[in-house]
Amino acid sequence: MTMDPIAAVTEEFSITGQLLPEDMTAIAAAGFRSVICNRPDGEDAGQPPAAQIVEAARRLGIAFAHLPVATRDIAPADAAAMRGALAAMPGPVLAFCRTGARSRAIYEAAMKAGGSAPGVQDVVIVGGGSAGLACAASLLKRRPDLSITVVEPSGTHYYQPGWTLVGAGVFAPEATSRPMADVMPRQVRWIRQAVTAFLPEQNRVRLEGGSELAYRALVAAPGLKLDWDAIPGLARSLGQHGVTSNYRYDLAPYTCDLARRLTRGRALFTQPPMPIKCAGAPQKAMYLSCHRWERTGALAGIDTEFHTAGAVLFGVPDYVPALMSYIQRYRIDLRLGSRLVSVDGPAGVACFEQSGSDGLRLVERRFDMLHAVPPQIAPDFVRVSPLADESGFIAVDPATLRHPRWSNIFALGDAAATSNAKTAAAARKQAPVVAINLLAALDGREPVAAYDGYGSCPLTVERGRIVLAEFGYGGKLLPSFPAWLLDGRKPTRRAWFLKDRLLPPIYWHGMLKGREWLARPQAIGVGR
């Protein structure tokens, strides 16, 4: 008797008609690792019982399951059993019945019930930073039985908003890091590799070793790239010669050491063109250093300059008056339209390209301390991927955070091509939006939740006081508290208490655990 033709339903699941024990050798040679029988015993005369087939399959190392169904009208319990088998058995899988029709029907019923094909995860999340883990937690909060894989090469998770306070001597460096295994949700599968390519047409991502992961839905949250090498001389000067940056875990303590030791000379602080993560961070390092010098009586002997590539001090005008009062108080030389283009660490010289009424010119400035912030771009594999827009970041609808071309792909965090401030606070608000809309996509529905562009930047203007900037798309103010309780446009001790005492535990024990405090998303079409 000739075996019926095999029909591929997906790359990992195929169907065929009645199989015989002697067919198992050919099935193994074809590469199938599992077989599911969906035919009841005794349905036809001469039909071999499933027990005979399973014996032959197991001799060849093929996994076998007997899940009989009598008709193509699949009961929910049968669909659930098929779903469980597909999740547990190694792929590729071959299922059979009399003609293959019932096997196809039960497979489709399992998929509608939320199941995944063998080897196919419900969700693959690229990136185990703030955005990726918060999204994983939000998904599991809503649907605990999802199969989720997080792809993240780093073994350490960092609370990056804390590095500003490490640079000021307020936090110890180790308070801002934890082993990745300690913060990864227990229910997810963690693959400690890097992604090298997105393959959206095949619903796959490629890993650095060349293997691929298949998904039903993808969340892209790989962060951005700090392009230290874009400024000649900067990378090799970091950590010595008075050159530092709070944008690196290992360098933030050096910022504190430099500010503590400097009593006379020139301190330069830089900010590159947007987009960058936490647009206020370059200023925070400067204000906290100046406040230290003010307290120790050294401020008068230090010439402080702030070189920003932007045309304004801060992008949301409501917060500029408070910040300008500190620019004046600390006697900071504010240089707008000034971009760092090279560093000579041993010579203590930084070169800037400055714009003026006469065009661009190069200006060299000697320094005793240089806090440098590098240009920031999308990761290399993102920029060359089909997911990227003209900016190099991942294209998404700014409200739903869904890719405009592939309805099962979402992005959040620093890698998303949205105009919001790239902050952990933004990721905290984006995570539930992506979770809700992704689950809707898995269920065959349209997105229902909207992100309003919220971002927060606690601008530490002195030790003990913060200007709490909270705003959304278009610079619209989106305060979390009434003005009588906390007016973010003014430097307050309450905002400092929030940053210093409350936000770290909210991050570790709230955001990364799916507790969406003050982060409930709004429905599409509903204004805040």
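The values are calculated or read from the model by the stated rules, or taken from the named source; none is laboratory data. As the structure is a computational prediction, the values presented were derived from the model and not from experiment. Here Cβ is always computed from backbone atoms with ideal geometry, including for glycine, and neighbour counts include all displayed protein chains.
Looking at segment 440-461, can you tell me whether even one residue there is part of a loop (DSSP other than H, G, I, E, B), more than 21 Å from the chain's Cα centre (by Cα), farther than 30 Å from Glu108 by Cα and outside the structural domain of Gly169 (by TED's automatic domain parsing)? No, segment 440-461 has no match at all.
Residues that are part of a strand (DSSP E or B) and surrounded by fewer than 17 Cβ atoms within 10 Å (Cβ to Cβ) are absent from segment 315-322 altogether. Note on segment 450-475: residues that are under 14 Å from Val433 (Cβ atoms) and touching a residue at least 40 places away in the same chain (Cβ under 8 Å) amount to 6.
For Asn408, the conditions (1) touching a residue at least 60 places away in the same chain (Cβ under 8 Å); (2) surrounded by fewer than 20 Cβ atoms within 10 Å (Cβ to Cβ); (3) of a type in the set (S, T, N, Q); (4) under 30 Å from Gly162 (Cβ atoms) are fulfilled apart from (4). Per the conditions (1) under 33 Å from the mean Cα position of the chain (by Cα); (2) touching a residue at least 40 places away in the same chain (Cβ under 8 Å), the sole criterion not satisfied by Gly84 is (2). Every condition in (1) surrounded by fewer than 19 Cβ atoms within 10 Å (Cβ to Cβ); (2) of a type in the set (Gly, Ala, Ser); (3) touching a residue at least 24 places away in the same chain (Cβ under 8 Å); (4) over 26 Å from Ala214 (Cα atoms) is met by Ala30 except one, and the failing one is (4). Consider segment 203-251 and keep the residues that are among the acidic types (Asp, Glu) and in a loop (DSSP other than H, G, I, E, B). The one that is nearest to Cys278 (Cα to Cα) is Asp227. Looking only at residues in segment 330-348 that are over 36 Å from the mean Cα position of the chain (by Cα) and more than 14 Å from Phe306 (Cα to Cα), the one that is surrounded by the most Cβ atoms within 10 Å (Cβ to Cβ) is Gly348. Can you pull out the residues in segment 117-165 that are β-branched (Val, Ile, Thr), surrounded by fewer than 24 Cβ atoms within 10 Å (Cβ to Cβ) and assigned to a helix (DSSP H, G or I)? Correct list: empty.
Just for segment 1-27: of the residues that are among the hydrophobic types (A, V, I, L, M, F, W, C) and without any contact (Cβ under 8 Å) to a residue 60 or more places away in the chain, which one is nearest to Gln202 (Cα to Cα)? Step by step, filter segment 1-27, then rank; the result is Ala8.
Among the residues of segment 280-334, those identified as among the basic types (Lys, Arg) and on the phi < 0 side of the Ramachandran plot are Lys284, Arg292, Arg295, Arg329.
Would you be able to say whether some residue in segment 411-433 is more than 23 Å from Met274 (Cβ to Cβ) and either outside the structural domain of Pro179 (by TED's automatic domain parsing) or out of contact with any helix residue (DSSP H, G or I) (no Cβ under 8 Å at 6 or more places or on another chain) (or both)? For segment 411-433, residues more than 23 Å from Met274 (Cβ to Cβ) and either outside the structural domain of Pro179 (by TED's automatic domain parsing) or out of contact with any helix residue (DSSP H, G or I) (no Cβ under 8 Å at 6 or more places or on another chain) (or both): absent. Residues that are assigned to a loop (DSSP other than H, G, I, E, B), without any contact (Cβ under 8 Å) to a residue 12 or more places away in the chain and under 17 Å from Thr423 (Cα atoms) do occur in segment 476-498.
Arg58 meets each of the listed conditions (1) in contact with a strand residue (DSSP E or B) (Cβ under 7 Å, 6 or more places away or on another chain); (2) in contact (Cβ under 8 Å) with a residue 24 or more places away in the chain; (3) not assigned by TED's automatic domain parsing to the domain that holds Ala426 apart from (2). Residues that are in contact (Cβ under 8 Å) with a residue 40 or more places away in the chain and in contact with a strand residue (DSSP E or B) (Cβ under 8 Å, 6 or more places away or on another chain) within segment 168-184 comprise Ala168, Thr176, Ser177, Arg178, Met180, Val183, Met184, listed in sequence order.
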